[in-house]
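Working notes, structure below.
The values are calculated or read from the model by the stated rules, or taken from the named source; none is laboratory data. In this text the structure is predicted, and so the values were computed from the model without any measurement. Cβ sites come from the backbone with ideal geometry, for glycine too, and all protein chains shown count toward neighbours.
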Amino acid sequence: MTYLVKRLQHQELGSINDANGTPSRGRYLFMSKNPDFLSHLPFLSQTVLNDYSILTLIPLYKDRFERNYCTFVYNNDRYHMGGNGGQPRDEYRIYSNRFLEDNQWLFQRNDIIVLKPQTIEFNNNDETFIETVYFAYLVNDHSSNLYNQLSNEIAASPIRGNYAVVHEEIQIIENRILEIMQTQNNYGVENEVNVSGLIQVSNDIITRNNSSQTNIDSLFSNQVMFRDFVAVGYDNLCAITRQVINCGPYNNLQAAHVYPRSHGGSFSPNNGILMNRDLHWAFDTGCFTINDDYTIRVHPQVESELLHNLNRESIFVPTQEFFRPSIDNLHYHQQNIYGIFNDRGRL
């Protein structure tokens, strides 16, 4: 059991100085460069300019289970003949956003935040998925026993700069994790992502791609992340019908892989198209494919009036290339998936 503990400081919270308490710049969380601390976060390479990853943070200070995606960045231009306005950097940051803080300046100087990495498993549409998340517990009552306990851990820690790695169980945090996971069990996984925050992270990735050598495909590591980003790219509507059936927290949409995972395809958003469940099944079995001009091509041997009525129709195409199905992935589906139902018998 591991907890990453840090006390928040003035600069990383945007250097709030004015009477209104408004940050003068973006907010982020400095991460220690200590090897023990970093070993519990995704590896970022010194040889890749400004390498970064996407973290899934689940705030324990909200009243619901909610995935918040944040970029974890190694600003390392010191090692790449570069500089930040003449000041080359060698530092790790988790970039915050207003949605992580519930649209307020929730994090305050000298608050303590605890990140607990944990692998969670859940079922969705009869499939089991596993992902690594970081539960985030905020301690903002500076007179509480927990605040004093964690302050003592920081004071005794060999890690410089208001950090500690704690391995003994912190019961109040574990109890809160159980509570928040129960809300996820009660309400399902369909609508648990903060959409506005995800859009902000998507824009950050697009912008950051100009100053980083990170391979975008490597950022997306699991089905949950794939589903969330693809859904946002298509405005949570089927790419073909532009409709959705909602029932409480559930809906009838699925993120279809263009280049199938079973064939080695990636979780990158440009390998996905949002479809309703029936069309997803038909796409996976090769009943139809998508042409290079994003029109539908129905296989002539498919005996379905519903599908043939869609032949040559255009699908919705995201405006940002980040979300748009890549031509290479479409070619793979056209050449390797289209018509494979013939191997299983005529449909």
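Number of residues in the stretch 168-205 that are at pLDDT 80 or above, assigned by TED's automatic domain parsing to the domain that holds Phe65 and touching a Pro at 6+ places or on another chain (Cβ under 9 Å) equals 1.
Limited to the stretch 42-80, what total is found for residues that are part of a loop (DSSP other than H, G, I, E, B), aliphatic (A, V, I, L, M) and in contact with a Ser or Thr (Cβ under 8 Å, 6 or more places away or on another chain)?
Step one: of the stretch 42-80, the residues part of a loop (DSSP other than H, G, I, E, B) are 42-51, 60-66, 76, 80.
Those still in the list that are aliphatic (A, V, I, L, M) too: 44, 48-49, 60.
Within this subset, residues satisfying the condition of being in contact with a Ser or Thr (Cβ under 8 Å, 6 or more places away or on another chain) are 44, 48-49.
Number of matching residues: 3.
Tallying residues that are farther than 16 Å from Ser326 by Cα and either outside any helix (DSSP H, G or I) or at pLDDT below 95 (or both) within the stretch 283-304 yields 12. Residue under question is Asn336, and the condition is that it be touching a residue at least 24 places away in the same chain (Cβ under 8 Å) and out of contact with any Ser or Thr (no Cβ under 9 Å at 6 or more places or on another chain); does it hold? Answer is yes for this residue. Counting only residues that are farther than 14 Å from Gln108 by Cα and modelled with pLDDT under 95, the stretch 1-17 holds 1 of them.
Scanning the stretch 206-224 for residues that are out of contact with any helix residue (DSSP H, G or I) (no Cβ under 7 Å at 6 or more places or on another chain), at pLDDT below 80 and either aromatic (Phe, Trp, Tyr) or within 20 Å of Arg324 (Cβ to Cβ) (or both) yields a total of 5. Scanning the stretch 256-282 for residues that are crowded, with 22+ Cβ neighbours inside 10 Å, out of contact with any His (no Cβ under 8 Å at 6 or more places or on another chain) and either charged (D, E, K, R) or part of a strand (DSSP E or B) (or both) yields His257, Ile273, Leu274, Met275.
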